[in-house]
Structures are given as C-alpha cells and as structure tokens.
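Taking it in order: structure first as structure tokens, then the write-up.
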Amino acid sequence: MKSKKFKWLLLSILVFVFALVGCSSNDTGGDSEEPADNGGESASESSEGDVVLRVAWWGGQERHDMTLEAIELFEAEYPHITVEPEFTGWDGYWEKLNTQAAASNLPDVINMDNSKMNEYNSRDLLTDLTPYIEDGTINLDNVDDVYQEINHIDGEVLAVSLGANALAAIVNETLLEEHGVTLEPGYTYDDVKEAMLKIGESASGEFFGYDLANAELELFTLFARQSGESLYNADGTGFGYEDETLVKFLTIVQDWVTSGAAPSHDITMEYVEGGQSMVGEGSAAIQTAASNQIIGASQQTEDTLGLTLLPALEGGQHGNWIRPSMSFAISSHSKQQEAAAQFIDFFTNSLEANEILRADRGVPISSEVREHLSGMVEGPVKATFDYLELVADYTSPADPLPPAGESEVRGAFQRMIELIKYDRMTPEDGAQQFRNEAEAVLK
C-alpha cells in the first residue's frame, strides 16, 4: 500500500509541475530561444534585437580588420541589427557563394564583382535596389552616374559600387627614375618593350620587365576599346571585336615574353599565387592592375610606386573607363532586405566609416565622402584619387557587363594565353581557338 500511495503522490506532483510550465509558456513576457516569425516584416518593423544580417566580402587581413571596425560603427548606429561577417580570400569566395546559392542560403549582403553580376542576375539571385534608392533608404544623391551606371541592367539596379577604380599601370617610380625612363600618357606598346629592355640591360638584380599579372584579358579588353571595338557585343551573345585585333594583341604579348620585356608564364603565376608584387620588389617596372591595387603593392616595398595610364595604340584612343572596383548587392534569399539596404547606405555615406575604410575598395562614389577624405589621404591612397582625375580626361562609356558565361570565357582565354606565352601556339591559332571555345559558351 505504501508503494501505491507514493506513486500517486509522485504523479500528482508531476501534474502540478507540468501545469506551471504550461502557464509560463503562454506568458507574453517570457523569453524564447527562437525569434518570433515576423511574417516577412522589414528590419525597421521588427523588434529591437531580432535582426541578424549576414554580410560577405573578399579580401586580405587588412581589409577584413577595417571592415569589422566599420561594422562596429554600423551596429552602434543601428543597435537592433547584429552583423554576422563572412569573409575569405578571393580564391575561395565564389566557390563558397555558389555552394550557398545552391542551398538557397546566400548572405543578405554580397560583395559582388562586375564580372559575376550578369551570371548571378540570370540565376535570380540578386534583388533590384531601385525601391530602396527611390525611398531614400540608400541615398545616392551625391553619386554621379559614371560611378554607378554599370550596375544597372534592364532598368534594375543590382548593386551599389563600394568604390571606383580604373585599369591602370602601377609603375615603380624609383626604378624608372634610376634608369632615366619616363612614361607620359600616350606612350605605346612599342615604348614599353623598349623601356623594359633598356632597364633590363643595366639592372643590378633580377628584372622581369612588364608584369602582365595574369590580367591579359583585362589588357585585351582595353586594347579592343582602343581599336574602336569591344570584347563582347551589346547583347552578350558573342564578341564585338575582329579576329585581327586579337591577333595583334597576342603578337605583342608573345613578343614581350620572347624578348624578355615581360616574364614567362610560370614566373608570373608564381608571384600571383604567392600574393607577391614584382613591381613592389623592383623585379618589374610596370604592372597591369586595377588602380586600387597600388595600396596593397605599396605595403611590400620602400620604393615609390605610382599610377599612370596603360599603353595606347599609336595615334589611337586610350580606351579607359571608370568602373566600380567592387559592389554590394542584396541577395534574393535575404529576409532582411531593408536592414541590408541600410547597411549599404551606411558604407556609401558614413564619413566616419569611410575614414576607417580608407578607400581600400576604391575611390568612394559619394562626392561628399571624397571631399571629406581628400585632405586626409596620402601616399598610395591619394594616388588612386589623383589617378581617377587623370582617367576622367581619357575615359569613354563603359562596355556592357560581361555575360553570364564570363567565367568559362575567361578560362578559355587563360588556357590560350598560356600557350601563346610559352610560344606553343601562333597568335592566329590562338585567336581562332579562343573564339571557338568561347562562342560555344555564349550562344
């Protein structure tokens, strides 16, 4: 009997405890481990503390550190938003995004490159930012069209530029001055060969000449524009240049490498993969680059580096244009798009944040931010500001964004250019091989 009474007593206690738990679970003042479903409410309509914003970007450690510091400012201004950073180097960035895209789990804010914009848009992965610009959430009042228009596709705004840059020649001014070489705007491809061979004859250490930096496709894009043509046609279904134009370009590249005015392909890739700068260490005098790359290269040397225009065709156009160095887009997977738009606006317009970021991603697109920073920047950062002013005198309208198959086209070009640089293929055969492989992707 004692055992039965004990069991009934224990059962009564348990029923009483469960009843208390049930009452507390209906208490609206109670805490919950999972945030309530806001039914798709925007960030500004959500309760404080419940907005988590995932932001992805690529770069080196210095960029990561600066960005994290700027994010702290953003979170102080928007205390109901917590940012979860997702950053990596360039090499693994797109592979990671593709994996996340396949799982419908892209970050809210994505650092986007122009070469990938059409590809991601064709997969319905990007959000049109027009409504957020029109209602002022993203304020572009101080942004000139030239800094932003390339991010427009079919009437939609798919990203906001984080900074402007342009194709450039990073030059080791210390080395050029030491050997009595000057490269004024308008210098030609022949002038490059002559200057590199001249320095090579008297250089005391290892000297490779002109560092193509695995950016031959970018240099050919400029070469085609200098010839009055374009890499792609207007609708992205084919090329906008004549084969003879590519043959001329490949002949120049092959001649540079063969003559010693540019390094062999294996040496170039050794530096690219190692993250080292030939022009920084003085083993090259010139490098094809995006203008903001001078900031990283300058950290590897005590020599003075500068920016100038890339070589021009004899009597031809310069062919350059101002472009976004990289941009922020909002993924279509994001359920916190208003908070994402507020984040983009902050990076675009906050003077304090841009003091931290120091134009690492390119010259700021807001004229107010540029004016604010102009008296603060110096050295290589100031060089990027000055260079865009120079390019403005030689610029022409940008080409359309690369088509969705840009990655495969780039791969075909790189395979071909490697054979050209090793002298295993003629420029004529190279031009034909590239067209055959790339057009199969574009059609």
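For this structure, a couple of remarks:
- Taking each residue as 0.36 nm, the span from residue 182 to residue 72 lengthens on full extension beyond its C-alpha to C-alpha distance by 35.1 nm.
- One Cα centroid belongs to segment 280-339, the other to segment 144-163; the line between them spans 18 Å.
- Remark: the chain is approximated by an ellipsoid whose semi-axes, taken from the C-alpha gyration tensor as √(5λ), come to 51, 24, 22 Å, largest first.
- Taken about its Cα centre, the chain carries a charge dipole of about 1860 debye when Lys and Arg each add +1 at the Cβ and Asp and Glu each add -1 at the Cβ.
- Dipole magnitude of segment 337-376 about its Cα centre (Cβ charges: Lys, Arg +1; Asp, Glu -1), debye to nearest 20: 180 debye
- Amide proton proximity set for residue 164, modelled H, under 5 Å, gap of 5+: 325, 363, 365
- With the biggest extent put first, the Cα atoms of segment 217-296 measure 40, 30, 20 Å across the principal axes.
- Kyte-Doolittle at least -0.5, axis length at least 27 Å by Cα - qualifying DSSP helices, the chain: 2-25
- 222 nm mean residue ellipticity, helices alone, for the chain (DSSP H n ≥ 4; -39,500 (n - 2.57); rounded to 500): -14500 deg cm²/dmol
- Taking segment 134-274 and dividing mean pair separation by its residue count, relative contact order in percent (alpha carbons under 8 Å, at least six apart): 20 percent
- DSSP-defined beta bridges in the chain - what % are antiparallel, rounded to 5: 60 percent
- Dividing the mean sequence gap of close Cα pairs (under 8 Å, 6+ apart) by how many residues the chain holds gives a relative contact order of 26 percent.
- Where GluC sites (Glu not before Pro) fall in DSSP loop in segment 326-411, at most 10 other Cβ within 10 Å: 378
- Extension reserve of the residue 123-residue 351 stretch, reckoned as 0.36 nm per residue once the Cα distance is removed: 78.6 nm
Any read-out appearing in this document is the output of simple, stated calculations on the displayed coordinates, not a laboratory observation. Note that the coordinates shown come from a computational prediction; the quantities given were computed from them, not determined experimentally. Note that we place each Cβ from the backbone using ideal geometry, even for glycine, and neighbour counts take in every protein chain shown.
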